[in-house]
Structure formats: C-alpha cells, structure tokens
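Reading through the structure tokens given below for one structure.
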Amino acid sequence: MKNLLNLTAQIVHCGELRYTPAGVPVLDIVLRHESWQEENGQKCLVKLELPAKILGKDALNWQHGIETVVTVNGFLAQKSQRYPKPVLRIQNIKEYKG
C-alpha cells in the first residue's frame, strides 16, 4: 500500500520547537491550501487546513516560516495513540517559487 502526499500550501501556524527524548527537533505546523480541482467533469474550489509535523534539521530551518508558501512531500499518520485524526509527517519541504 502507498501513503504519499505531495502538496503546495502556506504555513499559517508554527508551534514551539521541541525535542524528542532522543534530542531530535520537532516542529508542529498548520498548512493551508486552496486550489481549483476537477471532479466528475466539474471545477470545484478546494480549501483545507492540515496539521503537519517536521522532524530533524528541517524543523530548525522552518520554525520561523509562517506565511511562507511551500511544497511538501510526506505521509499521513495518526497524531498519537489517543488522537487518531491524521497529521502530515513531512519528509521533504522547500519554498514554492511558483
């Protein structure tokens, strides 16, 4: 099975940088996306906000990235054992140049 997501979105919220017990930096962010998509032969406006998580050195690099438009690649996973809603685990992030 595949679980891959490629999305262009704006960072609208950056949480506090934190560290795992092993010392790995973690940054929780919220991404906002808006685009026109085609569905069943019709154009439809798609808007969404998606919680996401960045680990490692990218977390350090993006902690002040609010309002930046980015392209991200990653996978969806539940936030925690007790919180089953999806969060995007970002594996690659770069600024979108248009």
Do any residues in region 8-33 that are without any contact (Cβ under 8 Å) to a residue 60 or more places away in the chain and part of a strand (DSSP E or B) have Cβ atoms under 7 Å from those of residues that are open to solvent by less than 40 Å² (accessible area, probe 1.4 Å) and of a type in the set (D, E, K, R), where the two are at least six apart or on different chains, and which pairs are they? Val26/Lys53; Asp28/Lys53
Across region 42-89, the tally of residues that are within 13 Å of Asp28 (Cβ to Cβ) and among the aromatic types (Phe, Trp, Tyr) stands at 2
Selection over region 21-33 where residues are over 14 Å from the mean Cα position of the chain (by Cα), open to solvent by 30 Å² or more (accessible area, probe 1.4 Å) and not β-branched (Val, Ile, Thr) yields a count of 3
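The values are calculated or read from the model by the stated rules, or taken from the named source; none is laboratory data. Keep in mind it's a predicted model, so treat the numbers as computed, not measured. Counting neighbours? That spans all protein chains shown, and the Cβs are built from the backbone with ideal geometry, glycine included. Side chains included, ligands, DNA and RNA excluded: accessible areas come from the protein's heavy atoms. Shrake-Rupley method; radii C 1.70, N 1.55, O 1.52, S 1.80 Å.
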